[in-house]
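The values are calculated or read from the model by the stated rules, or taken from the named source; none is laboratory data. Just so you know, these numbers come straight off a predicted model, no measurement behind them. Using ideal geometry, Cβ is built from the backbone for each residue, glycine included, and neighbour counts are taken over all protein chains shown. Accessible surface areas use protein heavy atoms only, side chains included; no ligands, DNA or RNA. Shrake-Rupley method; radii C 1.70, N 1.55, O 1.52, S 1.80 Å.
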Amino acid sequence: MMLKPIKNLITCFLFLLIFHSTFAQKNTNKRAEWFTDARFGMFIHWGVYSGAEGYWKGEKLRNNNDYAEWLLYRNRIDRDEYVTLLDRFDWDDINPEEWVILAKESGMKYVTITAKHHDGFALWDSKTGNYDLGDFTSPKRDIIKELADACKKHGLKLGLYYSHWVDWEHGFGWDHTREIYGISAEEYDQYWQEKVIPQIRELLTNYGEISMLWFDMWIHHSNSVVTKDQLLQLKSLIRDLQPNCLVNSRLGLSIEEDSDIDFKTLGDNQLGSKKEDFPWQSPATVAHSWGFHSSDNQWKSTTTLLKSLIGNASLNGNFMLNIGPRANGDVPYEISQRMLEMGNWLKVNGEAIYGAQAFDLDKDQHDWGKITCKQDGDKFKLYLHVYTWPLNKKLNLTGIVAPPENVYLLADKQKSPLSFSHSEAFTQISLTNDEPDNYISVVVAEYDSKPEIVDDLVAKTVDGGYSLLPQNQSTADESLIISRLERHGTVPRHVLIDTEKTFKWKIYIDEPGEKLFDVSYSFQNKKSNSKITVKAAGQTLSHSVLPTGKTVGEPNQNWHIDNYKSNRIGKIQFEGKGFYEIEMHIQPAKNEELNFQWLWVK
Ligand code: GLC
């Protein structure tokens, strides 16, 4: 009885198999290929502000968003007095090569330094104006030159951050107090033509190959004083002088608007949330401030930072992690320590990051970690980054049709095979008792060629269940409005159901037998006539909706929220291994509504 529908479903699934012929990141242009492969770089925020360490005349930086490099603006410092901070610099100790060595040992492939930050002070011996290191050091120092030489020596690419929009030094640069006092278009253009353009020309002429110019306008140009023509003038200067130099989207032009922009920069410390086919990057700090701040203390752990790098790589993104050296050049131990630990991890596991890409499983919800992939010679490799080593030592991989040829730990030079079982679109790998890495261990699944996938399956969780959500149905339902987490996450994501609604999911059952079904929702009336039915494997379960009442979100704060409660609705027998469709129908009675959260099958 059961077998026929299963067979039909399997046939249907085979038709639905998604054959991806092109590899991800098809929009990477030639110029950006190295960047896409590099995945990991160093950001350096260092400048006059580094001498203040977050304090000016005994007062902390005037903003809870303690960005130390914003000191001049936040504490309303006169630009001439501001440079007295250079007195604290220990020029004998400052050696940019040490930063480059740290980047290299940390497994980073490029370095991007703040050549000129918002304070308008240039870290090189600029011939434009008199607010640059050449004017304030004797003998003259040129940090860009020193860094460029060190990058060349150690084989790293060099990127330069240049604050084009904001400049607090030039009489006509953009300073946010101009939101009150204004500035004319002519005045701003004077700043542009006599400072930005010549300085960019200097940077692209005197320091050899510059691999990236990193601009920093975090709003669209149409909301700023900068005109599109000014931005295009700047971009064409760059293309003329160094055609291979990458330009980021914080130039003020989005990559959607101008396909000649090489990569998208996300917000500060914003990590990727979806796979993109164009190059992109997250700028990130180890704690909070970019420039050195002596009160910075929220240090992210090495594991957290590695997860950020891996998570971005698994979505085709890049990760640029910042150091804020002190005025003697020292990098805070909390930063260098973590970076070196990341470097040690990359020495073993770098193959899974450099040149690796997102895999095609769009519904990749494996709860044990993230997947990257690579065509490596004649092998296609999936890298399974296992964030949490499963307690039962079984790693569930859902959605891949072919069995792997070989499975092994990336840390194991012998590539001792790990045993696995495979059926249809489900692979289960038997892991070693102990994870090989203290941070994150990587398992390699090797295939002869890129395996086909079934994209719309809900992955089996580490504890052997299936979490069926409004957002992971086999076909996305655009009409659903899925709420955000509310009230600090005490109110979970849910959908309001006030008319009949059907949900459909696909799962692969590798362990046939009886499965329990639980549904979580909130229902606020005293009594209900609403019904939920679930159909799978030719069987039907019915559930009469029950009131779930309220709960206290946070003790002692008069914070009362709707309760979301798991209700056992019954069991269904799955006779054989195979693909199954789970259909759930919610039928609210007249004038009743409920908030559906999830269906759990195990
Ligand atoms: C912001 C800040 C700046 C920092 C940058 C790093 O734009 O203004 O201080 O350099 O983000 O991403």
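Please go through the stretch 282-299 and give me each residue that is open to solvent by 40 Å² or more (accessible area, probe 1.4 Å) and within 16 Å of the ligand (Cβ to nearest atom), ordered by number. Lay out the reasoning, then the answer.
Going residue by residue through the stretch 282-299, those that are open to solvent by 40 Å² or more (accessible area, probe 1.4 Å) are 288, 294-295, 297-299.
If the condition is that a residue be open to solvent by 40 Å² or more (accessible area, probe 1.4 Å) and within 16 Å of the ligand (Cβ to nearest atom), then His288 is the only one that fits.
Could you name every one of the helices (runs of 4 or more DSSP H) located completely within the stretch 125-181 that has at least 2 residues being among the hydrophobic types (A, V, I, L, M, F, W, C), open to solvent by 50 Å² or more (accessible area, probe 1.4 Å) and at pLDDT below 95? Show your work before the answer.
Working: elements: 133-136, 143-154, 178-181.
By residue number, no helices (runs of 4 or more DSSP H) qualify.
Got a sec? Which strands (runs of 3 or more DSSP E) wholly within the stretch 524-576 have at least 3 residues that are basic (Lys, Arg) and under 41 Å from the mean Cα position of the chain (by Cα)? Outline the logic, then answer.
Details: elements: 531-536, 539-544, 550-554, 559-562, 565-574.
Of the strands (runs of 3 or more DSSP E) lying wholly inside the stretch 524-576, those with at least 3 residues that are basic (Lys, Arg) and under 41 Å from the mean Cα position of the chain (by Cα) span 565-574.
Taking the criterion of being touching a helix residue (DSSP H, G or I) at 6+ places or on another chain (Cβ under 6 Å), more than 25 Å from Ser106 (Cβ to Cβ), assigned by TED's automatic domain parsing to the domain that holds His45 and in a loop (DSSP other than H, G, I, E, B), would at least one residue in the stretch 193-212 satisfy it?
no
Please enumerate the residues belonging to the stretch 235-250 that are outside any loop (DSSP other than H, G, I, E, B) and either touching a strand residue (DSSP E or B) at 6+ places or on another chain (Cβ under 8 Å) or within 16 Å of the ligand (Cβ to nearest atom) (or both). Break it down into steps so the answer makes sense when it comes.
If we filter the stretch 235-250 for residues that are outside any loop (DSSP other than H, G, I, E, B), which is where we start, we get 235-241, 246-250.
Listed by number, the residues that qualify are Lys235, Ile238, Leu246, Val247, Asn248, Ser249, Arg250.
Look at Gly54 and say whether it is at positive phi and in contact with a helix residue (DSSP H, G or I) (Cβ under 9 Å, 6 or more places away or on another chain). Can you show your working first?
Details: at positive phi: yes; in contact with a helix residue (DSSP H, G or I) (Cβ under 9 Å, 6 or more places away or on another chain): yes.
Against the criterion (at positive phi and in contact with a helix residue (DSSP H, G or I) (Cβ under 9 Å, 6 or more places away or on another chain)), Gly54 qualifies.
For Ile94, indicate whether it is at pLDDT 95 or above, more than 16 Å from the ligand (Cβ to nearest atom) and of a type in the set (A, V, I, L, M, F, W, C).
Values: at pLDDT 95 or above: yes; more than 16 Å from the ligand (Cβ to nearest atom): yes; of a type in the set (A, V, I, L, M, F, W, C): yes.
The answer is yes for Ile94.
Based on this model, can you work out whether Pro279 counts as more than 16 Å from the ligand (Cβ to nearest atom) and open to solvent by less than 10 Å² (accessible area, probe 1.4 Å)? Step through it out loud before you land on a result.
On the way: more than 16 Å from the ligand (Cβ to nearest atom): yes; open to solvent by less than 10 Å² (accessible area, probe 1.4 Å): yes.
Considered against the rule, which asks whether it is more than 16 Å from the ligand (Cβ to nearest atom) and open to solvent by less than 10 Å² (accessible area, probe 1.4 Å), Pro279 comes out as yes.
Restrict the check to the stretch 325-335 and report whether at least one residue is part of a loop (DSSP other than H, G, I, E, B), at pLDDT below 95 and away from the ligand (no atom under 15 Å from the Cβ). Write out each step before concluding.
Going residue by residue through the stretch 325-335, those that are part of a loop (DSSP other than H, G, I, E, B) are 325-332.
In the following step, the residues that additionally are at pLDDT below 95 were identified as none.
No, the stretch 325-335 has no match at all.
Being open to solvent by 80 Å² or more (accessible area, probe 1.4 Å) and either modelled with pLDDT under 95 or within 20 Å of Trp600 (Cα to Cα) (or both) is the filter here, so list the residues in the stretch 543-554 that pass it.
Of everything in the stretch 543-554, just one residue is open to solvent by 80 Å² or more (accessible area, probe 1.4 Å) and either modelled with pLDDT under 95 or within 20 Å of Trp600 (Cα to Cα) (or both), namely Leu546.
Only one residue in Glu514, Glu593 is closer than 29 Å to Thr398 by Cα and open to solvent by 50 Å² or more (accessible area, probe 1.4 Å). Which one?
On the way: Glu593 fails: closer than 29 Å to Thr398 by Cα.
The conditions single out Glu514.
When you go through (1) touching a helix residue (DSSP H, G or I) at 6+ places or on another chain (Cβ under 9 Å); (2) under 26 Å from Asn349 (Cα atoms); (3) within 16 Å of the ligand (Cβ to nearest atom) one by one for Ala122, which number turns out not to apply?
It fails just one condition, (2).
Looking at Ile261, is it surrounded by 18 or more Cβ atoms within 10 Å (Cβ to Cβ), free of Cβ contacts under 8 Å to residues at least 40 places away in the same chain and more than 19 Å from Leu160 (Cβ to Cβ)? It would help to see each step written out before you state the result.
Details: surrounded by 18 or more Cβ atoms within 10 Å (Cβ to Cβ): yes; free of Cβ contacts under 8 Å to residues at least 40 places away in the same chain: yes; more than 19 Å from Leu160 (Cβ to Cβ): no.
Against the criterion (surrounded by 18 or more Cβ atoms within 10 Å (Cβ to Cβ), free of Cβ contacts under 8 Å to residues at least 40 places away in the same chain and more than 19 Å from Leu160 (Cβ to Cβ)), Ile261 does not qualify.
Restricting the stretch 71-88 to residues that are of a type outside the set (D, E, K, R) and open to solvent by 30 Å² or more (accessible area, probe 1.4 Å), which is nearest to the ligand (Cβ to nearest atom)?
Just the residues of the stretch 71-88 that are of a type outside the set (D, E, K, R), to begin with: 71-73, 75, 77, 82-86.
Cutting the leftovers down to open to solvent by 30 Å² or more (accessible area, probe 1.4 Å) gives us 73, 84.
Details: Tyr73: 10, Thr84: 21 Å.
My answer is Tyr73.
Quick one: Gly355 ticks every box in (1) open to solvent by 30 Å² or more (accessible area, probe 1.4 Å); (2) in a loop (DSSP other than H, G, I, E, B); (3) away from the ligand (no atom under 16 Å from the Cβ); (4) not hydroxyl-bearing (Ser, Thr, Tyr) bar one, so which box is it?
So the condition that Gly355 fails would be (1).
Here is a yes/no grid of residues against (1) of a type in the set (Lys, Arg); (2) in contact with a Cys (Cβ under 9 Å, 6 or more places away or on another chain); (3) open to solvent by 60 Å² or more (accessible area, probe 1.4 Å):
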site: Lys195; (1), (2), (3): yes, no, no
site: Asn206; (1), (2), (3): no, no, yes
site: Ser222; (1), (2), (3): no, no, yes
site: Gln230; (1), (2), (3): no, no, no
site: Leu234; (1), (2), (3): no, no, no
site: Arg239; (1), (2), (3): yes, yes, no
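When you check Gly311 against the structure, is it more than 30 Å from Gly51 (Cβ to Cβ), surrounded by fewer than 23 Cβ atoms within 10 Å (Cβ to Cβ) and more than 16 Å from the ligand (Cβ to nearest atom), yes or no? Quick ask: steps written out before the conclusion?
Values: more than 30 Å from Gly51 (Cβ to Cβ): yes; surrounded by fewer than 23 Cβ atoms within 10 Å (Cβ to Cβ): yes; more than 16 Å from the ligand (Cβ to nearest atom): yes.
Criteria met by Gly311.
Going by the structure shown, is Trp99 not in a helix (DSSP H, G or I) and not acidic (Asp, Glu)?
Judged against the criteria, Trp99 is not a match.
Open to solvent by 40 Å² or more (accessible area, probe 1.4 Å) and more than 30 Å from Ser301 (Cβ to Cβ): which single residue out of Lys394, Lys413, Lys379, Lys370 fits that description? Break it down into steps so the answer makes sense when it comes.
Details: Lys394 fails: more than 30 Å from Ser301 (Cβ to Cβ); Lys413 fails: more than 30 Å from Ser301 (Cβ to Cβ); Lys370 fails: more than 30 Å from Ser301 (Cβ to Cβ).
Result: Lys379 is the single residue among Lys394, Lys413, Lys379, Lys370 that is open to solvent by 40 Å² or more (accessible area, probe 1.4 Å) and more than 30 Å from Ser301 (Cβ to Cβ).
Does Leu253 count as open to solvent by less than 10 Å² (accessible area, probe 1.4 Å) and in a loop (DSSP other than H, G, I, E, B)?
Numbers: open to solvent by less than 10 Å² (accessible area, probe 1.4 Å): yes; in a loop (DSSP other than H, G, I, E, B): yes.
In short, yes.
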